[in-house]
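The values are calculated or read from the model by the stated rules, or taken from the named source; none is laboratory data. None of these values were measured; they are calculated from a predicted model. Glycine also receives a Cβ, built like all others from the backbone with ideal geometry; neighbour counts cover every protein chain displayed.
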Amino acid sequence: MNSKSYIYFIDAANNIMRDDGVVESVDLEKYLSKVVDNISVNLGNYKEYKEAGPSTPPVLTYIKDIVLLLDSNENNTDQEYLDLEKDFFDRIAQQLYLAELDVQSNIDRLHKNVKYGTLILSCIKTSEDEVKFIIMKLEHINVITDVDYKLQNAFSTDIKKQELKLCVMTISSDDGEFDIESIFVSEKSKSDYWTGRFLRVIEMTTASKDTSDAIKEINSILRNIKKNAPEDYPEIQSSVTGYFSTHSRFNHQQFWDEIFENYIDNHPDTRLDIKEIKKKYSSKLASNKLPGEFDIDHKIVTQRMIKKTYALNKHFQIRRIKNHQDDSEEMNKEVIKIIKDQGDDNYYLKILIENNKIDKVRMFDYDNVVEQD
């Protein structure tokens with residue numbers, strides 16, 4: 001995935017939103033890298049947020065679409081693709097513009113204006129399975145250049161001095177599905193519209209943050225299991241999701257006992273090393289990266305752990321419409337089985353249906369459609 005940045009000028013007081021297009025600037029890339037580094041070093045200056053729910057906010061939806069698009073179309077220069085990419089970025093900018101127009105209409109009578117400035121939207125790949133998405137509104141200041149000594153609008157590259165509104169989202173990839181792992185926000189001047197009308201996120205409570213932190217650290221262990229013991233991964237991953245979905249409180253010892261202590265490895269040829277997993281788990285507890293005990297926020301569990309769509313192959317997906325906690329008795333039924341055909345060694349799904357009559361089943365075989373009564 002290539003990093004991509006778009007830049008806009010927004011002045012709600014004068015009904016102006018100018019699209020300055022794709023930015024390919026070495027100086028800007030260095031500045032954005034400095035922003036990412038700054039949030040990791042000065043985490044205490046940022047507040048963590050989560051989706052307001054119940055449905056995914058528009059801006060967060062567009063961001064997921066952008067990341068998926070960039071990941072699946074690396075080095076694609078077709079105009080149709082570029083237009084689609086630009087459209088998603090434009091939609092985010094439009095959401096901010098509309099939010100600031102709303103604010104401006106409310107403060108006009110006070111003879112005040114929303115500060116105009118530059119909006120930077122940037123998608124940066126930071127590792128093989130992680131992306132940072134930066135939304136940054138830099139409020140302009142007046143400067144006199146040393147070239148022609150004329151007054152111009154500009155923004156400072158000094159993060160500590162610059163008046164800005166900043167949101168940095170970490171997006172992780174798992175089996176081609178991208179999930180927003182964390183949302184950090186920083187504002188020099190507090191504005192309710194930035195996190196409310198625009199981003200539509202709310203500040204995390206202690207339970208929300210602890211749940212999010214725990215899922216993040218446990219997922220890192222699961223990714224290692226998936227790499228070294230892929231046959232064991234589905235069962236362990238399902239057990240972890242089940243634990244977070246059916247318990248109201250997390251206890252590190254209870255979690256370990258239920259998931260790993262009594263785990264029966266039915267795949268002796270894999271490299272599942274329980275002792276090594278215990279070492280990493282204990283290390284995360286000792287460093288306080290993994291909270292030892294906390295109330296579980298099930299909204300965070302639904303957003304972060306329970307997939308809604310599963311890829312079967314390059315042609316089809318299957319979508320889940322119930323969460324674990326919606327109906328625990330119903331969800332405990334074995335609704336879908338994966339069966340290996342001994343004849344062709346392929347895997348197939350066997351799905352439990354509620355109706356014993358189906359008028360017509362449409363079976364797709366690539367370009368040929370077969371109908372069965």
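The set of residues in the stretch 219-255 being among the polar types (S, T, N, Q) and either closer than 23 Å to Ser173 by Cβ or modelled with pLDDT under 85 (or both) consists of Asn219, Ser220, Asn224, Asn228, Gln237, Ser238, Ser239, Thr241, Ser245.
Quick grid of which residues meet (1) modelled with pLDDT of 85 or more; (2) out of contact with any Ser or Thr (no Cβ under 7 Å at 6 or more places or on another chain); (3) within 19 Å of Phe178 (Cβ to Cβ):
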position: Glu261; (1), (2), (3): yes, yes, no
position: Asn266; (1), (2), (3): no, yes, no
position: Ile277; (1), (2), (3): yes, yes, no
position: Tyr281; (1), (2), (3): yes, yes, no
position: Leu290; (1), (2), (3): yes, yes, no
position: Ile296; (1), (2), (3): yes, no, no
position: Val301; (1), (2), (3): yes, no, yes
position: Met305; (1), (2), (3): no, no, yes
position: Ala311; (1), (2), (3): no, yes, yes
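Here the condition is being at pLDDT below 80 and not β-branched (Val, Ile, Thr); of Leu43, Leu70, it holds for Leu43 alone. Working only within the stretch 237-257, note down all residues that are in contact (Cβ under 8 Å) with a residue 12 or more places away in the chain and over 20 Å from Thr302 (Cβ atoms). Across the stretch 237-257, the qualifying residues are Asn251, His252, Trp256.
Just wondering, is there one or more residues in the stretch 25-35 that are out of contact with any Ser or Thr (no Cβ under 6 Å at 6 or more places or on another chain), modelled with pLDDT of 85 or more and not in a loop (DSSP other than H, G, I, E, B)? No, the stretch 25-35 has no match at all.
Out of all the residues in the stretch 3-23, which are touching a residue at least 12 places away in the same chain (Cβ under 8 Å) and not aliphatic (A, V, I, L, M)? Steps first, please.
Filtering the stretch 3-23 for residues touching a residue at least 12 places away in the same chain (Cβ under 8 Å) gives 3-17, 19-23.
Passing the criteria: Ser3, Lys4, Ser5, Tyr6, Tyr8, Phe9, Asp11, Asn14, Asn15, Asp19, Asp20, Gly21.
Of all residues in the stretch 1-20, those satisfying the criterion of being assigned to a strand (DSSP E or B), under 24 Å from the mean Cα position of the chain (by Cα) and modelled with pLDDT under 90 are Lys4, Ser5.
Within the stretch 258-307, being farther than 30 Å from Lys64 by Cβ, free of Cβ contacts under 8 Å to residues at least 40 places away in the same chain and among the β-branched types (Val, Ile, Thr) holds for Ile264, Ile274.
Among residues of the stretch 203-214 that are under 10 Å from Ile296 (Cα atoms), those with a beta-carbon under 6 Å from a residue that is charged (D, E, K, R) at least six positions away or on a different chain give the pairs Ala207/Asp295; Ala207/Asp297; Ser208/Lys50; Ser208/Asp297; Lys209/Glu48; Thr211/Asp297. Looking only at the stretch 245-262, count how many residues are within 22 Å of Ala286 (Cβ to Cβ), surrounded by 12 or more Cβ atoms within 10 Å (Cβ to Cβ) and not charged (D, E, K, R). The qualifying residues number 8.
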